[in-house]
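Note sheet for the following structure.
The values are calculated or read from the model by the stated rules, or taken from the named source; none is laboratory data. Because the structure is predicted, anything quoted here is derived from the model rather than measured. Here Cβ is always computed from backbone atoms with ideal geometry, including for glycine, and neighbour counts include all displayed protein chains.
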Amino acid sequence: MWRKKHPTLFGIIVGLGMPLLISSGIILFFAMPNIIAWLGPNPPAPAITYGEFPFRIEYELNGELIVIEDTVICEFDGFELIGPKKIRSWKRRLAGGADEVVLLFNNYNKKIFCNVKWAGYYMGEFGGNIDNERPDVLIEEGSNVRALTASELFDLYGIRLINWEFSPPIVNSFH
């Protein structure tokens, strides 16, 4: 006589656990490089972890001379994982309290600002000296950010950069 079998505990575990086991294995396979990097050693720490870098920017806006003087404050912030690699992390802020050096903000939701370099640059992450070329001037329109040329800056917004002086980056060592 034929009898209907009831599922055993083993059958339930295999039936429910196998898809979970397979999906966990796939996730673990793709996450493994990041897990290994995170558990691995940190890159060498910087010998100098804090710095202040004064700068001065002079520009003309519709015939009016404007001078911005402030200080970029840079600080080592530990390590972070970027893809499957650990890197040194840096914080940057301006002593004057602003988030960025804004040259013009208008009613059309456009902000024109000057990039005063990132903290790792000043703190010797890449070595070398500042090129002191014309600073990057960017325009932010909503969520879109792009660089402006000197002619666009003047022709479209009446801004002409006159002088810029940035502190050079430090020479740092990492151990």
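Points to keep in mind about this one:
- The number of residues in region 147-161 that are within 14 Å of residue 106 (Cβ to Cβ) and assigned to a strand (DSSP E or B) comes to 1.
- Any hit, region 29-47, residues being under 21 Å from residue 115 (Cβ atoms) and either at pLDDT 80 or above or basic (Lys, Arg) (or both): no
- In region 64-77, the residues that are free of Cβ contacts under 8 Å to residues at least 40 places away in the same chain, loosely packed, with under 11 Cβ neighbours inside 10 Å and either over 14 Å from residue 114 (Cα atoms) or among the hydroxyl-bearing types (Ser, Thr, Tyr) (or both): 64
- Any hit, region 146-159, residues being at pLDDT 85 or above, closer than 17 Å to residue 56 by Cα and among the basic types (Lys, Arg): no
- Candidate set: region 151-170, residues that are over 25 Å from the mean Cα position of the chain (by Cα) and loosely packed, with under 14 Cβ neighbours inside 10 Å; chosen: the one nearest to residue 74 (Cα to Cα): 163
- As for region 114-134, it holds at least one residue that is farther than 28 Å from residue 42 by Cα, part of a loop (DSSP other than H, G, I, E, B) and of a type in the set (Lys, Arg).
- Single condition residue 117 does not satisfy, out of (1) at pLDDT 90 or above; (2) surrounded by 14 or more Cβ atoms within 10 Å (Cβ to Cβ); (3) within 14 Å of the chain's Cα centre (by Cα); (4) not aliphatic (A, V, I, L, M): (1)
- Every condition in (1) within 21 Å of the chain's Cα centre (by Cα); (2) surrounded by 12 or more Cβ atoms within 10 Å (Cβ to Cβ) is met by residue 146 except one, and the failing one is (2).
- Figure legend. Inter-residue proximity from region 142-168: first residues over 27 Å from residue 123 (Cα atoms) and in contact (Cβ under 8 Å) with a residue 40 or more places away in the chain, second residues of a type in the set (Val, Ile, Thr) and surrounded by 17 or more Cβ atoms within 10 Å (Cβ to Cβ), beta-carbon distance below 7 Å, spacing 6+ or different chains. Indicated pairs: 153/137; 153/159; 157/112; 159/112.
- Just one of (1) in contact with a strand residue (DSSP E or B) (Cβ under 8 Å, 6 or more places away or on another chain); (2) surrounded by 12 or more Cβ atoms within 10 Å (Cβ to Cβ); (3) touching a residue at least 24 places away in the same chain (Cβ under 8 Å); (4) within 24 Å of residue 43 (Cα to Cα) fails for residue 173. It is (2).
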